[in-house]
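Take a look at the structure below.
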Amino acid sequence: MSYTVSQLLTQDITFQPIEIKGWVRGFRSNRFIALNDGSTINNIQCVVDFENTDEAILKRITTGAAIHIKGELVESQGKGQKVEIQVSSIEILGDSDPEDYPIQPKKHTFEFLRENAHLRTRTNTFSAVMRLRSSLSFAIHKYFNDNGFYYMHTPIITGSDAEGAGEMFRVSALDAKNPPLDDHGNINYKEDFFGKETNLTVSGQLEAETFAMSLGKVYTFGPTFRAENSNTSRHLAEFWMIEPEVAFMDLAGNMDLAEDFMKSVLTYVLEHNREDLEFLEKRLLDEEKTKPQAERSEMSLIEKIKFVVDNNFKRVSYTEAIDILKNSKPNKKKKFNYIIEEWGADLQSEHERFLVEKHFKCPVILFDYPANIKAFYMRLNEDGKTVRAMDILFPGIGEMVGGSQREERLDVLKEKMKALDIDEEELWWYLDLRKYGTAVHSGFGLGFERLVMFATGMGNIRDVIPYPRTPQNAEF
């Protein structure tokens, strides 16, 4: 019977004939094959009777080769594993030239592995990261399905800029060398495929709001795009966003939902990906040893995840947070890179981490931000200065979730759009929601890769997505 490595290592099936297929991770003493098939971080040892095995076959058992093994699963004679396979036959399914194969059994830099991203999941680190990514993705869908949400697919091509960000990828079928021009010498998008200027979406939120105002509870989970020319360890041009929207829910309900959601998906990986987490925790520990003491994390990877799962999130207004930061030691002693001097400042990651890790020592939800640093669709408070926005802050990473109660009043929304020079005609359908049965509604957005970074301890966002899209890089 054919098994996976995971099944062989966890099920009680010793002294039975088995078959297994996988890739060679190592072959030593012409006798011991370390075999992995991606089902677990662990390899299984396959013991070859080399004296009775064709030498031509033995020469082809090289790192990276795909092989089919038949044999018997027995209790291991050596240390390091409970069971091993006594091999009765080996078939080479696909050769791997040891002179050329990039993923040799040695330590590789992450930069080198990014250049070989098509093979990097054959390493322990990246197989663990991508299994965790898959589990988190499943846990997200499971959470919303279990809680009565409907999954909707929002458009990837859009004529509107939901965030007012302005940094979008244009989608066009016009001749790039000789585009049609209008009477003013500008590109005439009326002759383009969609008859108007279109872009890749930065968010599915606005469309999700339309469905929430008829289906009640919906969420999107899809790709989004930012044409920000930013080559940092935290930016991608293409990434995935989770965006729930709920009718008849105010900001307090939104905070409740986001906290419960985050705890649920992280609990799922604690329960289902323990071996991968333990491996990544050890990797992170080894990496931290190379850093100066001041830069090391106070918590291990699993402790950090439990810190979120086990603690109630502290809810603090932006105004209170600014007072705390203004009077903090790092601010007074000018240790922050960005000194907080007055109300209205846009908080940086160092401020968010101080609130979580040093001051409150638990995850924090900040709410009621200044209107002028937040998006047009957020509900204006009675003070006229702040909006019903909320951000969830995590240890080590800062902002994890951003959301708000949406502006449901037509007149107020129109005023905000006018002040920001947002075209009413472009968003006529969004304004319609405020004309026909408007109601309080809220939602939030979570960049999926940021969540994967938090759950895996990876320091660069390019290492938690299969094929990163960044400035000057669209390889694979």
Notebook entry, point to check: Amide H neighbours of Ser88 under 5 Å, counting only residues 5+ apart in sequence or on other chains, H built in-plane at 1.01 Å?
Noted result: Lys70, Gly71, Glu72
Next item on the list: Using a 1.4 Å probe over the heavy atoms of the protein chains, calculate the carbon and sulfur portion of the accessible area of the chain as a whole percent.
Entry: 48
Next item on the list: At 1.4 Å probe size, with every protein chain present, just tell me what the per residue accessible area of the chain comes to in Å².
Entry: 50
Next item on the list: For Val401, list long-range residues whose amide hydrogen, built 1.01 Å from N in the peptide plane, is under 5 Å from its own amide hydrogen.
Entry: Ile392
Margin query: Let me spell out the model: positive unit charges on the Cβ of Lys and Arg, negative unit charges on the Cβ of Asp and Glu, origin at the Cα centre of the chain. What dipole size does that give, in debye rounded to 20?
Written below: 1500
Margin query: Please list, in order along region 453-458, the HN-Hα scalar couplings obtained from phi with the Karplus expression 6.51 cos²θ - 1.76 cosθ + 1.60 (θ = phi - 60°), rounded to whole Hz, x for Gly and Pro.
Written below: 4, 4, 6, 10, x, 6
Checklist line | Mean Cβ neighbour count within 10 Å, used as a protection proxy, ranking 69-80, 131-142 highest first | finding: 131-142, 69-80
Notebook entry, point to check: Can you list the HN-Hα couplings for region 349-355, worked out from phi with the Karplus curve (6.51, -1.76, 1.60; θ = phi - 60°), rounded to whole Hz and with x for Gly and Pro?
Noted result: 4, 5, 6, 5, 5, 4, 4
Check: How high is the relative contact order of the chain, given as a whole-number percent (alpha carbon pairs under 8 Å, six or more residues apart)?
Finding: 13
Next item on the list: Let me have the relative contact order for region 169-303, percent, based on Cα pairs under 8 Å that are six or more residues apart.
Entry: 16
Notebook entry, point to check: What residue among Gly253, Val269, Ser233 has its Cα farthest toward the positive end of the dipole of region 184-279, where the charges are +1 on Lys, Arg and -1 on Asp, Glu, each on the Cβ?
Noted result: Ser233
Checklist line | Backbone HN-Hα couplings from phi across region 464-476 [Karplus 6.51/-1.76/1.60, Hz, Gly and Pro as x] | finding: 10, 10, x, 10, x, 10, 9, x, 6, 9, 9, 6, 6
Item checked: Greater than 26 Å apart at Cα, pairs in Lys282/Lys329; Lys21/Lys106; Lys304/Lys333; Lys334/Lys416 -> Lys282/Lys329; Lys304/Lys333; Lys334/Lys416
Next item on the list: Would you please give the residues with an amide H less than 5 Å from that of Ala237, counting only those at least 5 places away or on a separate chain, with H modeled from the backbone geometry?
Entry: Arg469, Thr470
Item checked: Ranked packing of 41-50, 339-348, 288-297, most packed first, by mean Cβ within 10 Å -> 41-50, 339-348, 288-297
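The values are calculated or read from the model by the stated rules, or taken from the named source; none is laboratory data. Predicted model only: the values in this text are computed from it and were never measured. For neighbour counting, all protein chains shown are included, and Cβ atoms are generated from backbone atoms with ideal geometry for every residue, glycine included. Surface areas here come from the heavy atoms of the whole protein model, side chains and all, with no ligands, DNA or RNA. Shrake-Rupley method; radii C 1.70, N 1.55, O 1.52, S 1.80 Å.
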